[in-house]
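Everything on this sheet refers to the single structure shown next.
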Ligand code: GCV
């Protein structure tokens, strides 16, 4: 009877612990390895924290939750300082040299243990530094590392590590594939959803220290008093986690909500309006981060509406927030229908002359590539080209162009490829990363129970934070950390899932945009292939603008004989791209228009290489399915099934991409799809006829 009761309790417990993904990587289930548990338990009997401020309360709660979960024992962390504690968490500890402390800066931390019976130490110069140290320490336990003989010094490489939400006030999310916006504006500020706390915990655990919570296609209503009260409630909560709130500023707000006749940045009344608005915001949120602005881009209002420059617009806002130590993050994602130049070149042409003209509290935020978050893009030529301007990286975590909510694609390799690219701007080795002052990721978070829709989307949120903290971490190490924390530390599981994740981005490139093809997604929602689309008003909204296929060949000539976008790069960076013979295959059709029978490095013709790549992509998704399925016994049923079903969708959609694109390009090449490959299942007309009026995120 007793045994049955126990079994029942265990069963109930396992239901209560359903693996729905909500806990992200902060799962604190009991460690399976009993000796590790005992070892950690013996090392961590008493913990001392230097006070009870809101941030230290967060640290205390997290430690209690983590230790009781991982070790299965309750660890009390009394408020009073305890010199006998086995884990001593101290601000600017006297046990560490002044020089070492100075090296930690505002947000860094040190974790030190000498082994044996001597206490472990986490120290920092600030409470948020301690919090980061605590999360790092918990990560060591979660990933089953030794905590003896630790000597860790971690200092973030970038001061601004940010998430950008493209969340609308009606709770839809532009390019969101994980449900609605987590910001429930209707019930804020009185109702504080537990999600806000868990969101802040997750961000703090990976070092994110700023969030812009509204869409860059901005709504001025967010700047009105009732909404600012709601923003204040979030900012008050996030403060303890070291997170500052930013808002997107609609440039025409002085007209729309201020009753002015103009939003001209040189008009004194407009300048005053923004100054008053800033004062109003800072009265509510003293540590408000500042404004993120999309101006004169894709129909958004901006200074050019008044014949002013981006610098005029940014500086006006910068002056309004300067005395409060606020920032203005001004996006460089601009291209204009009126400018006939290659879209690739427009942001550079627009911003280069403005270098040195921005106030010191303006940061220019540049997308990783010059087009738009493609599966693969060469780095944006603006990186390293604005020596007098602080520049932020903008990556897209949400997978607008990378399979949206249904494809397993681990983005760290994409982020790293860009960060490690050599701009040569200050000589060899001037990597993109070395030119940055901050990094932002467009969020993939929504109300789905697991936050990101696809469970593996969590890894991309995680990777963005980890790389913003330390861009030298390898994609592999980040994947391994995430897998160990999110699933288990089982070596074969970790090895299989790591391989799958590391390969996943290249696999998608193969079945979607091989050999440098880009922007051939269906237009509007960007879901699925649409290389045939050519009827949109603006030329650069049409996929045909990007692939330029005809009966002779395919690709965009961006060399001196074409749009000459290559000339915007430092000559040493451009060199390898300028000649098809030296241009890496991965970028070939990005920079060159080549005949269908062009001989590739593989010896195949260009047409056959396209067929090969598309098929390789599809076959590789089958391989991912095999890898996932063979780990079934090591995975919980709920998450196993979810990812399995999504991999099925991914496989079908990879075939759809392959068949639709090859049939379409074949209508120009007039060449057969070589026999060993599967022939398309349907006609080109069928693929062209597919409509998705309610595709998400649009
Ligand atoms: C927020 C792309 C997306 C748009 C997005 C824009 C931007 O064009 O499709 O949804 O708008 O980028 O980054 O501003």
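Where a ≥ b ≥ c are the square roots of the eigenvalues of the C-alpha gyration tensor, would you call the range 23-174 rounded, which needs a/c under 1.5, or, failing that, prolate if a/b is larger than b/c, or oblate? Please list the in-between numbers first.
Details: a/c = 1.80, a/b = 1.25, b/c = 1.44.
In terms of gyration-tensor shape, oblate.
On full extension of the chain, what length is gained from residue 152 through residue 262, given 0.36 nm per residue of separation minus the C-alpha to C-alpha distance?
Numbers: separation 110, 0.36 × 110 = 39.60 nm, distance 5.44 nm.
Extra length from residue 152 to residue 262 when fully extended: 34.2 nm.
Taking every pair of alpha-carbon atoms in the range 653-698, give the share separated by more than 16 Å as a whole percent. Spell out each step's value before the answer.
On the way: 455 of 1035 pairs.
Across the range 653-698, Cα pairs with separations above 16 Å total 44 percent.
Residue 355 to residue 449: extension gain in nm, 0.36 nm per residue of separation minus the Cα-Cα distance? Provide the component values of the computation, followed by the final result.
Numbers: separation 94, 0.36 × 94 = 33.84 nm, distance 4.41 nm.
In short, 29.4 nm is gained.
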Calculate, for residue 492 and residue 670, the FRET efficiency according to 1/(1 + (r/R0)^6) with r their C-beta to C-beta distance and R0 35 Å; round to the nearest 0.05. 0.15
Using packing as a proxy for protection, rank 247-253, 580-586 so that the peptide with the highest average count of other Cβ atoms within 10 Å comes first. 247-253, 580-586
In nm, spacing of pseudo-spin labels at residue 420 and residue 552 (7 Å Cα→C-beta vector): 3.8 nm
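Roughly what % of Cα-Cα distances in the range 396-538 sit above 28 Å, to the whole percent? Mind dumping the intermediate values first?
Numbers: 2626 of 10153 pairs.
Roughly 26 percent, once rounded to a whole number.
Is the range 451-495 rounded, prolate or oblate when judged by the Cα gyration tensor, a ≥ b ≥ c being the square roots of its eigenvalues, rounded requiring a/c under 1.5 and prolate requiring a/b larger than b/c?
On the way: a/c = 2.65, a/b = 1.18, b/c = 2.25.
Taking the square roots of the gyration eigenvalues as a ≥ b ≥ c, the range 451-495 is oblate.
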The range 433-451 versus the range 103-141: alpha-carbon centroid distance in Å: 25 Å
Relative contact order for the chain, counting Cα pairs under 8 Å that sit 6 or more residues apart, in percent: 11 percent
Relative pair counts by distance (%), Cα atoms of the range 486-601, 5 Å bins: 2, 10, 16, 17, 16, 13, 9, 6, 5, 3, 1
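So if R0 is 51 Å, what FRET efficiency would residue 599 and residue 634 give, r being the distance between their Cβ atoms, rounded to the nearest 0.05? Mind showing how you got there, number by number?
Numbers: r = 46 Å, r/R0 = 0.89.
Calculated transfer efficiency: 0.65.
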Using the basic label-point model (7 angstrom from Cα toward the beta carbon), what is the residue 641 to residue 236 distance in nanometres? 4.2 nm
Above 13 Å lies some portion of the pair distances; for the range 32-72, what is it as a whole percent of all C-alpha pairs? 56 percent
Suppose each label sits 7 Å from its Cα in the direction of the beta carbon; what would the residue 46-residue 64 distance come out to in nanometres? 1.8 nm
If I take every Cα pair under 8 Å that is 6 or more residues apart in the range 491-636, average their sequence separation and divide by the length, what percent do I get for the relative contact order? 27 percent
Name the shape class, rounded, prolate or oblate, that the alpha-carbon gyration tensor gives for the chain, where a ≥ b ≥ c are the square roots of its eigenvalues, rounded holds for a/c under 1.5, and otherwise prolate holds if a/b is larger than b/c and oblate otherwise. oblate
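For Cα pairs less than 8 Å apart in space and 6+ apart in sequence, what is the mean separation divided by the residue count of the range 343-442, i.e. the relative contact order in percent? List each step's numbers first, then the result.
Details: 146 pairs, mean separation 27.9, N = 100.
For the range 343-442, the relative contact order is 28 percent.
Residue separation times 0.36 nm, minus the C-alpha to C-alpha distance between residue 92 and residue 280: what's the value? Mind dumping the intermediate values first?
On the way: separation 188, 0.36 × 188 = 67.68 nm, distance 3.54 nm.
Length difference between fully extended and current span is 64.1 nm.
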At R0 = 41 Å, FRET efficiency that the Cβ-Cβ distance of residue 695 and residue 191 yields, to 0.05: 0.85
Output row, site residue 499, 7 Å Cα→C-beta label point, backbone N cut-off 20 Å, window the range 393-419, residues 408-413
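Just so you know, all these numbers are worked out from the coordinates, no wet-lab data involved. Owing to the predicted nature of the structure, the values given are computational and were not obtained by experimental measurement. Glycine also receives a Cβ, built like all others from the backbone with ideal geometry; neighbour counts cover every protein chain displayed.
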